[in-house]
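The values are calculated or read from the model by the stated rules, or taken from the named source; none is laboratory data. What you see is a predicted model; the values in this text were computed from it and never measured. Cβ sites come from the backbone with ideal geometry, for glycine too, and all protein chains shown count toward neighbours. Heavy atoms of the whole protein, side chains included, go into the accessibility calculation; ligands, DNA and RNA do not. Shrake-Rupley method; radii C 1.70, N 1.55, O 1.52, S 1.80 Å.
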Amino acid sequence: MPTIQNLDDAAAVIIDAQQNNHRLEVRGLGTKAALGNQPDYDDCLDVSAMQGIIDYQPEELVLTVRAGTALSVIEAELAKANQMLAFEPADLSGILASKSTGTIGGVLATNLSGPRRLTAGAARDFLLGFDAVSGRGERFKSGGRVMKNVTGYDLSKLICGSYGTLAVIDEVTIKTLPRPETSLSLLFGCDDMTSAVAQIADIFASPHEPGAAAILPQSIAAAAGLDMAAAMIVVIRLEGIALSVEDRVAHFRQMGQRDTGRVLGTLPQAASESLWARIRDVDLLAHAGGDIWKLSCAPASAPAIVAAMEQSFETAYYADWAGGLLWFAGPSGTEFGTALRAALMAHGGGHAQLLCDRAMSKNSVPVFQPLPPAQASLTRRVKAAFDPLGVLNFGRMHNGM
Amino acid sequence: MQMPEPDQQIIARRESICAALAKLVPAGSVVSSKEGRRAYDADGLSAYRQLPMAVILPETVEQLAAVMKYCHAEGIKVVPRGAGTSLSGGALPLADAVLIGLGKFNRILEIDYANRCVVAQPGVTNLAITHAVQDHGFYYAPDPSSQIACSVGGNVAENSGGVHCLKYGLTTNNLLGIELVTIEGDVLRLGGKHLDSGDYDLMGVMTGSEGLLGIVSEVTLRILQKPATQRALLVGFDDTGAAATAVGDVIGAGIIPAGMEMMDGLAINAAEDFVHAGYPRDAAALIIVELDGPEVEVNALIDRVAGIMNKAGASSIKISTSEEERNLFWAGRKSAFPAVGRISPDYLCMDGTIPRRRLPDMMVLMATLSQKYGLRVANVFHAGDGNLHPLILFDANQPGELQRAEDFGADILRGCVEMGGVLTGEHGVGVEKRDLMPIQFTEDDMKQQQRLKCAFDANQLLNPGKVFPHLHRCAELGRLHVHKGKMPFPDLPRF
């Protein structure tokens, strides 16, 4: 298993693989190895030695770091300057049974974004530039180390979420943001999913700057220690300076008394942070049986999708991103995933990904949303533009590419 | 500026091409007369002009797809055009290309408050999106200075920014979905009303691709609630370096203003002469800081920012106490370009970005270059994100001055890259900065970008001659020196 120190090493390994008809698995700490398809690879390209913070300028909001650097190292460094990765990458080690939160490269490769994605953006919105070796074995760079840049194609977007199928990245430049001074959560009780989504829509139609919004069914909330007398608990996170947070809580309290939901109470900072970490990490479904699915949908479609699934299956679920991100635990096998995708298609479309495959369902159901024909052929051509021989993580996202 | 050699065989077929195109669109949608085409011979970069071979104005996505399919089959080049406000020549016509105008795609298709988005055709203006939703307190955040005229399709093509993108991001951060027509006439829908898809982010690479990868035929844009309060500070400094440091101090203190703009002495005085905004004429630098959000928060942060500015050595501070006053603070900044236009017959507007801490070095460089070229330069910056807009003053009627101004501009951009920055922060490469690309990118960097282009447009018919200084054939770009490799994509052309 070649462990590489830099991109020149990577290029040599890739060219060697080309010569020998080998397919490589690109691997950092291996914490996300369970994500995506699991084809057989001839060899593994270990990138975990490409570590270290290269440059961090808090007042420029810019961090340059090598892709094999552990996420925990980066978060600790940012915390010293009271800053953060605003896209709030999840720690999936609980549900994937892995040892750590992995590397920043892995976070970017999977575009892993947490609750603040709703208002602050995804990992792909924060990657400013990178340097890499393509599957052709050639070095290239894209983007830059500044926040505002439209020079050339924005390959940062393409690299994020490409699961290592296009290139091996080394130095990445990421936009950082200040950590909010305080945060807390406001809890609303609603009678059902439809009124929960409506309650959130009202909240987002106000100028009081909600920062994150989740919907927890009563049983899920109870397991998280929120014993509340409501079928659905809407959790709204507010962040900012203390004065502002207090002021906004007061506004929302009035609103709750006017509309579909009712205010159940607030969670102070520590309890709020711990709840949002569990929402972020899908910890709330860790003990549910079966497979775990991640659905990205139009927020207002969430109630219909949930209703369709509850009608036919025993399922546990909750929503983040104001309803736009649905986490489902359901029976393993093709039936559940097929039904999920059908419900999604019937209600505005989106993307359903099999995230946690406890019974190896992915042998029979595509992990990623199947692509429409024109998009599939364009996707194949894009893959070929970076990796014409299919050396890097071949088949990890879609069969045959 | 050398554009690709026009294909005389295509030009010779002009009349039959126009006749064939006319069958694909409603009557009157093909502009073939010289006078008619004249209206499309330039965009916002008016120093460059070229009459297009023909102009076609489709009305529906079906017509647009049919036109693309025809051009693809016939090997005819295509230049897309939104509202024609590009400052980098992105919509500059080619003598042997059909110019496709999206002006008739001018309808807002859906306003969806439940999902907080607007679905619109690409020819709708940026400001029209905000106008359509403002009664419900919403707005569309990216606000390029041309927002009254520029189209949202063009915003996607150029990944447009604005003065508020420090806090609210560029177009790419506010775009949920697009419908895309490829050069082959395929129609793809990418994204939608949901946030992230788990596919390759093709919408992300389309954004800012300057019309080289496809034509956007529909957009879905995220809308936000308008902040409850907006207030601004107007801060003068005797020293540009101290002003630059102060900007970093604000962000270092954990405050992300909605906007943070800087102007230098020449720009301050030009603006003050023009709109009488009460700017400090003797200041070397002026900073406008705008904060938005809940009223108590804005009021508290305004005080903090004022404190930081004082500590950094501000020579004057004014805080807006009314909307009129806030608008007046902005009036000078917003009219900076026309104001400079009053003190010089012509000017060139540059658009590099630097790491903000290098601003004092950049000011020294510009002063040196100003002497070297014998031309004045006025500066306005999006200081928060390090995006510079130096305005180089010249007189096109003086022989050689345009060339001198362009050389001056190129030297500034070279300096931006040397200081760790980039050639363009928001205006795009287009034709204007095309030949400067090798300053920032190696040949290999550009070849990889062009391979992506080949995946979308293998015959390189879409907007050729823009962005990349050297055109390589896709077959040449795809060549790989492997002797016994297997071919997992046997059905694909190699590029």
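Structure data summary
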item	result
Set of lysines with alpha-carbon distance to A:K32 below 17 Å, sequence-local pairs under 8 removed	A:K99, A:K294, A:K362
Part-to-part distance (alpha-carbon centres) for the range B:59-109 and the range A:295-317, which is given in Å	41
Cysteines in chain B that, by Cβ-Cβ distance, have no pairing candidate under 4.7 Å	B:C18, B:C71, B:C117, B:C150, B:C165, B:C349, B:C416
Alpha-carbon Debye profile of chain B, log10 I(q)/I(0) at 0.09, 0.11 Å⁻¹	-0.66, -0.98
Hits among lysines - C-alpha to C-alpha of A:K80 under 24 Å, sequence gap 8 or more where chains match	A:K175, B:K167, B:K311
Whole-angstrom gap from the range B:353-391 to the range A:1-24, using each part's C-alpha centre	44
Cα-derived Rg over Rh, computed across the protein assembly as shown with Rh taken as Kirkwood radius	0.95
Inverse of mean 1/r across different Cα pairs in chain A, Kirkwood, Å	22.0
Whole-number D in µm² s⁻¹ for the range B:365-421, Kirkwood Cα-pair radius fed into Stokes-Einstein, 20 °C, 1.002 mPa s	181
Average Cα contact separation per residue, the range A:19-97, under 8 Å, 6 or more apart, as relative contact order %	24
Surface per residue (accessible, 1.4 Å probe) for the range A:283-363, Å²	33
Carbon + sulfur, % of accessible area of the range B:9-226 - ligands and nucleic acids excluded, 1.4 Å	51
Carbon plus sulfur fraction of accessible area for the range B:403-454, probe 1.4 Å, in percent	44
Eligible lysines near B:K453 by straight Cα distance, threshold 18 Å, same-chain separation 8 or greater	A:K141, A:K157, A:K383, B:K69, B:K77, B:K466
Accessible area in square angstrom per residue, chain B, 1.4 angstrom probe	35
Cα convex hull of the range B:137-266, projected area averaged across orientations, nm²	10.9
Sites A:S219 and B:T60 - FRET efficiency at Förster radius 51 Å, r taken between beta-carbons, to 0.05	0.55
Scattering profile of the range A:283-363 at q = 0.20, 0.21, 0.23 Å⁻¹ [log10 I(q)/I(0), Debye over alpha-carbon scatterers]	-0.79, -0.88, -1.06
Among A:S142, A:S312, A:S48: highest mean-square fluctuation, GNM of chain A, C-alpha pairs under 10 Å	A:S312
Mean-position separation - Cα centroids, the range B:115-170 and the range B:414-463, in angstrom	25
The range A:49-95 - convex hull of the alpha-carbon atoms, volume per residue in Å³	83
For the range B:9-226, average projected area of the Cα convex hull in nm²	12.0
Accessible area buried, both sides summed, chains B and A with 1.4 Å probe, Å²	8000
Accessible-area value, B:C150, 1.4 Å probe, nucleic acids and ligands omitted, Å²	10
Square roots of 5 times each gyration tensor eigenvalue, C-alpha, the range B:194-352, largest first, Å	32, 23, 16
Quarter of Cα convex hull surface for the range A:174-225, i.e. mean projection, nm²	5.5
Amide N proximity, the range B:31-52 versus B:R14 label position 7 Å along Cα-to-Cβ, cut-off under 17 Å	B:31-42, B:49-52
The range A:7-178: relative contact order as a whole-number percent, Cα under 8 Å and 6+ apart	26
The range A:182-280 - Debye-derived log10 I(q)/I(0), Cα point model, q = 0.20 Å⁻¹	-0.94
Solvent-accessible area per residue for the range A:58-150 (1.4 angstrom probe, square angstrom)	26
³J(HN,Hα), Karplus 6.51/-1.76/1.60, whole Hz, each residue of the range A:131-147, x for Gly, Pro	10, 7, 10, 7, x, 7, x, 10, 6, 7, 10, 8, x, x, 10, 10, 6
The range A:284-327: chymotrypsin sites (Phe, Trp or Tyr not before Pro) in DSSP coil with no more than 14 other Cβ atoms inside 10 Å	none
Highest-MSF residue in chain A out of A:G324, A:G337, A:G52 [GNM, Cα springs under 10 Å]	A:G52
Mean separation of Cα contacts under 8 Å, 6 or more apart, over the residue count of chain B: relative contact order %	13
Accessible area of A:R136 in the full protein assembly, 1.4 Å probe (Å², nearest 10)	10
Modelled FRET efficiency - R0 30 Å, B:E5 with B:S344, Cβ distances, 0.05 increments	0.25
Within the accessible area of chain A (1.4 Å probe), percent carbon and sulfur	50
Label point distance in nm, B:H470-B:K311, each placed 7 Å from Cα along Cα→Cβ	5.2
The range A:78-134: C-alpha gyration tensor shape, a/c 1.5 cut-off, then a/b vs b/c	rounded
